[in-house]
Amino acid sequence: MDYLDKLEAHSIYIFREAYREFKHLAMLWSIGKDSTVLLYLARKAFFGHVPFPLIHIDTSFKIPEMIEYRNKLARELKLKLIVGQNKEALKTKQTFPDDNVDRITCCKLLKTEALKNTLSGQFPRYRLDHELGVFVEDQDKETYTGVIVGVRADEEGSRSKERYFSPRDKNSDWDIGDQPPELWNQFKTEFALKTHVRIHPLLDWTELNIWEYIDRENIPVVSLYFDNDNGKRYRSLGCYPCTLPIDSTAKNVKDIIKELKSGKLKNIAERSGRAQDKDGGGTLEELRREGYM
Ligand code: SF4
């Protein structure tokens, strides 16, 4: 086995543990490279079928190409796609792009609150109906108790503090100082009622591993990751008012692998183009403690 095979095998093991332990399981799909690799790993773990819904929290400010790609792939792979949104905040324009709140508040409303309430079933869940070809309100309102997330430890400081099975309390809060140890691949999967567990099959993967796996498995990704003849590409995808591309001439997956191996980006944080990470004095960990992905 090479190192990608080992990473893949461990991730598949985590997936199967999660499926065995959690009756109401879902996976977050941000449309980015990591959660799309997660999607393809899930298909490998369950022989081409994804036996749980994929949840996308739509802030309504995502780069349009991301939404086109999401819907196209969901149709092609016949995924159970659930979209959650904080409609009240959008209706009352309590957003940063509308100039009414700061970025941190906007992220809390459009991402954290939307996620919490979609997971708990308090907000409507919109499911892609493959026969009708449109989104319809899902009748399943049950709380998801296991949530698979494409977090990688090397992506950003607070993510390196996650466990493979990382508990959240009934408010989705994360107590970093009180997490179970995970020794010898023994995971604690029983937690108190009304809490949920975030499951992280990609914790040991690096940015380079992700791109190497995309290359090896021929996984389709949003073309925003590639230079479109303007010397710029997105290294991390998000909302268009808060996400900037980096200087890069990488036009395909192999170019990105070469660029990462060259060390050109080694002193530049992967999420350096994400403005919300820097607002309020670098409070991404604070956001994540309160339930942010
Ligand atoms: S990334 Fe920007 S637009 Fe998106 S939720 Fe956060 S502040 Fe709002």
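The values are calculated or read from the model by the stated rules, or taken from the named source; none is laboratory data. No experiment lies behind these values; they were computed from the predicted model shown. Methodologically, a virtual Cβ is constructed for each residue, glycine included, from the backbone with ideal geometry; neighbour enumeration extends over all protein chains shown.
Selection of region 70-83 for residues being out of contact with any helix residue (DSSP H, G or I) (no Cβ under 9 Å at 6 or more places or on another chain) and in a strand (DSSP E or B) yields an empty set.
For (1) within 22 Å of Glu162 (Cβ to Cβ); (2) assigned to a helix (DSSP H, G or I); (3) within 16 Å of the ligand (Cβ to nearest atom), each residue gets a yes or a no:
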residue	(1), (2), (3)
Leu203	yes, no, no
Leu208	yes, yes, no
Ile219	no, no, no
Leu224	no, yes, yes
Asn228	no, no, no
Arg235	yes, no, yes
Pro241	no, yes, yes
Ala250	no, no, no
Asp255	no, yes, no
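Among the numbered criteria (1) modelled with pLDDT of 95 or more; (2) under 27 Å from Lys44 (Cα atoms), which one does Thr189 miss? The number of the failed condition is (1). Going by the conditions given, is Leu115 in a helix (DSSP H, G or I), within 22 Å of Asn171 (Cα to Cα), in the same structural domain as His200 (by TED's automatic domain parsing) and more than 16 Å from the ligand (Cβ to nearest atom)? So Leu115 does not fit the description; no.
Can you say whether Ile67 is more than 11 Å from the ligand (Cβ to nearest atom), part of a helix (DSSP H, G or I), farther than 23 Å from Leu25 by Cβ and among the hydrophobic types (A, V, I, L, M, F, W, C), as far as the supplied structure shows? It is true that Ile67 is more than 11 Å from the ligand (Cβ to nearest atom), part of a helix (DSSP H, G or I), farther than 23 Å from Leu25 by Cβ and among the hydrophobic types (A, V, I, L, M, F, W, C). Residues in region 117-153 that are out of contact with any strand residue (DSSP E or B) (no Cβ under 9 Å at 6 or more places or on another chain) and surrounded by 15 or more Cβ atoms within 10 Å (Cβ to Cβ): Gly121, Arg152, Ala153.
Residues in region 71-109 that are out of contact with any strand residue (DSSP E or B) (no Cβ under 6 Å at 6 or more places or on another chain) and closer than 15 Å to Thr36 by Cα were compared, and the one that is nearest to the ligand (Cβ to nearest atom) is Asn71.
Take the conditions (1) under 30 Å from Asp5 (Cβ atoms); (2) free of Cβ contacts under 8 Å to residues at least 60 places away in the same chain; Phe191 misses just one of them, which is (1). Within region 88-120, the only residue that satisfies the criterion of being within 13 Å of Ile57 (Cα to Cα) and without any contact (Cβ under 8 Å) to a residue 24 or more places away in the chain is Leu109.
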